[in-house]
Structures are given as C-alpha cells and as structure tokens.
Amino acid sequence: MHSRLSGIAAAAILVACSTSKPDAATPDTLASAEPDSALPLASQAGFIQPEAVRYDPDQDVYFVSNWGKGEPDAKDNNGFISRLSPDGVLERPRFIAGGTAGATLHAPRGMTIVGDTLWVVDADAVRGFNRSTGAPLATADFSAYKLGFLNDIAASPDALYVTDTGTNEIYRISGGRITVALQDSALGGPNGITWDAGRRRFIVVPYDGASVIKSWTAGSKTLSVIGKSGGSKFDGVEVLSGGRVLVASQGDSSLHLFTGGTGHPIIRTGGAPADIAVDTKRNRVAVPFVDRNLVEIWQLPSK
C-alpha cells in the first residue's frame, strides 16, 4: 500500500467515511427525546468532517476530531478538535486547531486519553495535547513508515496501539519508539480498536472482510473471533459494562451491541456512523458522521 490514498483507492478504505465536501453548517441542538426512542437525544451540527469522538469523564466533555476541509490524507494543517457538552452543546468549536498556538493537525481521527494527555491520530503522526488546555505536548512521527491510513488508537497499561486500515497493521508506541506490533491480512482492514481492561486484551473491528469482531493480546500473532453480527464496514468500538461490546456499522447505518458472541443492531442512525464514544456517567453514546457534519447523542439501553 502506498503512503498516500487518492481517487478510487481512497474512496474504498478511508475509514468508511464519505469524503464529500461539507456544506456550511450552523450549530443546531435539537430537543431531547425519550430514552430508547427512535430519535437521538441531541443532534449538533457545526463540524467539518467529524470522524471521531472521545469522552473525558473527569472534565465531563466530549472531544470531537474534525478533518477540516479537503481530503483526509492532505497535510494541510487545517484539522481541529472541538469540545462538546454531554447534552450536545458545542462549547468550543476549535479547542485545538492546526496552525494555532503551536498545534499541528492535518486530519485528526481516533483519540484516547492517558493521564492528562489527549492522544490524537493524525494523517502522518500521533500527537499528544494537554486535555485541559489544548497545549501541544508530544509527537510520534510516522514519516519513516509507508502508511495506508492511520486510524484509531487505544491505550493498554504499558503502551499506545494504533491501527492502519490501509496496510493491515497495528503499531505500538512506547517510550517515544514506534514499532509494528502486528501485520496480518486477517485484521481485515483494522479500523476501530479499544482496550478491554476486564480481560486484558484489545478488541479490533474490520472495515473490510467478514462481519466479525476480534480480540488480540499484545505480543501475540493470533487473532480470535469473539462476535458476529449482520453488520459490516465496522468503525468505532467501545466496551460496555458486563463485557458487552458496542460497534458502529456503516454497512447498515447502525450501532450493534455484542453479547455472548452475537451482535444485533440497537440504534438505527441516519447515516454512516464513524468512531463513537460512550458517556459512562449517563449511559449515552456520541456518534459522529463525516459526510453529514454533525454528531448525534443517543441513549443506550441499560442492559
């Protein structure tokens, strides 16, 4: 896989998200709906190609990564991170912005939080920012690697792990050093990745290939199928209480809940859901849509 995506190839694997040019949007928070209804609690516009969301329980806020205008593989330094309230109010549209206050962000996507650092996957790097102030802290530069599409990130107790959807790789970042932790076509175009603390393993979901989710233990070369559903083109993944797993499926515009090895859609969205985040205090999920330029917040079932 070449280090850049373009044309038909880009359309095929760009995290399953449309790269159509966004229309101008005005922030518009909708009235709340009853839990478990067919409508979201809130729908907030005002983003520009939002690809991922991360919930910060300490600050009680969502971070939303925006590709900004243009292609997601361009090094244009116009990406940004927004702050969104738990109820869907866009508090700070450009909390961290490429080209501002020393920050570099081309097309940010997956995020994770370790201590006071918000780690953000970018087109050619993983960048760390202070989660309270937005100040740049660190950069893991991937320019030495032939990249396909760096995508999502998760943290184990000892390192950061990053998926490359285009090259079927998972990278490990530790002590400022980047290594290839796994390269395997069985990853199926790895998109979302999350740490399952209860079982001390990662859960990885594919954008290509079968409608299954897999577990992987760092250091191992083996992947294990742990769930199957009717969904496909998987993106974001989160572990819920009781070992349940929530996955965004762009193949049927739904969120699938996996329990006991079987997944089924529990939320039908109006578009292609990307990298989701769960509000652990309110049992809600925030769902970004790249080509709709908005983020929806939905209530999750209690069981």
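The values are calculated or read from the model by the stated rules, or taken from the named source; none is laboratory data. All values derive from a computational prediction rather than experimental measurement. So basically every Cβ, Gly included, is an ideal-geometry build from the backbone, and we count neighbours across all protein chains shown. Protein only, heavy atoms only, side chains kept; ligands, DNA and RNA dropped before computing areas. Shrake-Rupley method; radii C 1.70, N 1.55, O 1.52, S 1.80 Å.
The table for this structure:
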| quantity | calculated |
| --- | --- |
| Pairs where the first residue, in the stretch 161-182, is farther than 15 Å from L150 by Cβ and the second is open to solvent by less than 30 Å² (accessible area, probe 1.4 Å) and in a strand (DSSP E or B), C-beta under 8 Å, 6+ apart | S174/L160; G176/A140 |
| Residue satisfying all of: in the stretch 164-218; in contact with a strand residue (DSSP E or B) (Cβ under 8 Å, 6 or more places away or on another chain) and charged (D, E, K, R); surrounded by the most Cβ atoms within 10 Å (Cβ to Cβ) among these | D164 |
| Positions within the stretch 243-268 being in contact (Cβ under 8 Å) with a residue 40 or more places away in the chain and not aliphatic (A, V, I, L, M), in sequence order | G243, Q250, G251, F258, G263, R268 |
| Test result for V114, β-branched (V, I, T), in contact (Cβ under 8 Å) with a residue 24 or more places away in the chain and open to solvent by 20 Å² or more (accessible area, probe 1.4 Å) | yes |
| Residue match in the stretch 142-151 (condition: buried (at least 24 other Cβ atoms within 10 Å of the Cβ), at pLDDT 95 or above and in contact with a helix residue (DSSP H, G or I) (Cβ under 8 Å, 6 or more places away or on another chain)) | yes |
| Residue check, R109 under 16 Å from P288 (Cβ atoms), modelled with pLDDT of 95 or more and surrounded by 24 or more Cβ atoms within 10 Å (Cβ to Cβ) | yes |
| In the stretch 266-293, residue farthest from H256 (Cα to Cα) [restricted to those that are open to solvent by 20 Å² or more (accessible area, probe 1.4 Å), in contact with a Pro (Cβ under 8 Å, 6 or more places away or on another chain) and assigned to a strand (DSSP E or B)] | R284 |
| Condition check for V225: assigned to a strand (DSSP E or B), farther than 22 Å from D141 by Cα and in contact with a helix residue (DSSP H, G or I) (Cβ under 8 Å, 6 or more places away or on another chain) | no |
